Ligand SMILES: NC(=O)c1ccc[n+]([C@@H]2O[C@H](COP(=O)([O-])OP(=O)(O)OC[C@H]3O[C@@H](n4cnc5c(N)ncnc54)[C@H](O)[C@@H]3O)[C@@H](O)[C@H]2O)c1
């Protein structure tokens, strides 16, 4: 399967590794910075012959038109995901789009519409759904082992310092990135909303910019979400940890089960109990990962390649990406208005709605 990667920055090694491990043909890469393309390919483990055969582009429109890959993944700055996805879809290319799917609901809707119009698939890159601990939790939930849900919580407590934000101008801006909720915490919010059955009733959020005055957006976000099924969830996302990344915890409490995932990216099972089998012990399970991105990209790429071959839907759809985006935007809009917001959000909800929020 002919594959192309657009954006050769920090997360790109996870994409190229996933593509290679799934036997995809690395047909082309694209980046404005040629040295990033070369560095990525040199470190990819591909043979010199294969590296020489990879076409290099600085313009993704030309790549889509000339290469016509079956599958491309978009790992550009978040504010560029939608425009690039539109181009890919208009050229009938199946896409894996890094999170967040887009920065506005209107753009997310257009991605979904274009994919249908052109008969191609889009997967939102929420790869943590494939973490072994997350998959075990999901299987228990789908088997009905929790019973009625009481409450859930996600906490993402990481450290991002000034040097991190200074790497690239897009980081921490409302238009192209958002803050810690939209960037670091959106995987956890995706997991939380997925586990709680998706139907969010209302969201009350608070955001702060505590220690990072040089970014536009929040470095701390907290929220309470209520779901139509009666579950209540709390969110805490922060990049204000002094020292190394601390944790990404996901807790789910039901009438007949209680599970807490942890580790730095929900890759560990810290607590596992179900009434139906108190001897079912999974506490202490740990999936080793090289970084907080985890191992999920390879599984997500495998799933997408299979969906393209078999004509099914990917495990994580564009609609799922839109749901995570809407949940984050709901926290932002609630913080802006100082009151809970009801879902669905208005169609014009976007990260840019918060422009100037901390300067007021
Ligand atoms: N799934 C995950 O766990 C995960 C992890 C990290 C980042 N991400 C997401 O991946 C995306 C990229 O993040 P990153 O940290 O790799 O960013 P990055 O800035 O390191 O990489 C982006 C690359 O895009 C290139 N670029 C910018 N504009 C371009 C254009 N118009 N055409 C071609 N190339 C262009 C830049 O030169 C850069 O090399 C973001 O949306 C981020 O949220 C996801």
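Is one or more of the residues making up the range 43-59 more than 9 Å from the ligand (Cβ to nearest atom), part of a strand (DSSP E or B), surrounded by fewer than 17 Cβ atoms within 10 Å (Cβ to Cβ) and in the same structural domain as residue 110 (by TED's automatic domain parsing)? Yes: one or more hits. Is it the case that residue 63 is buried (at least 22 other Cβ atoms within 10 Å of the Cβ) and more than 15 Å from the ligand (Cβ to nearest atom)? No.
Taking residues in the range 160-175 that are more than 17 Å from residue 240 (Cα to Cα), and partners anywhere that are within 11 Å of the ligand (Cβ to nearest atom), the pairs with Cβ atoms closer than 6 Å and at least 6 places apart or on different chains are 170/77; 170/176; 170/177; 175/79. Scanning the range 16-32 for residues that are closer than 18 Å to residue 64 by Cα and within 13 Å of the ligand (Cβ to nearest atom) yields 16, 28, 29, 30, 31, 32.
Residue count for the range 193-207, restricted to those that are over 28 Å from residue 289 (Cα atoms) and either assigned by TED's automatic domain parsing to the domain that holds residue 78 or crowded, with 22+ Cβ neighbours inside 10 Å (or both): 4. Evaluate the following for residue 188: is it surrounded by 24 or more Cβ atoms within 10 Å (Cβ to Cβ), within 12 Å of the ligand (Cβ to nearest atom), at pLDDT 95 or above and in a loop (DSSP other than H, G, I, E, B)? Criteria not met by residue 188. Look through the range 289-348, keep the residues that are assigned to a helix (DSSP H, G or I) and without any contact (Cβ under 8 Å) to a residue 12 or more places away in the chain, and return whichever of them is nearest to residue 225 (Cα to Cα). Step by step, filter the range 289-348, then rank; the result is 337.
The values are calculated or read from the model by the stated rules, or taken from the named source; none is laboratory data. Note that the coordinates shown come from a computational prediction; the quantities given were computed from them, not determined experimentally. Don't worry about glycine lacking a Cβ; one is built from the backbone with ideal geometry, like all the others, and counts go over all protein chains shown.
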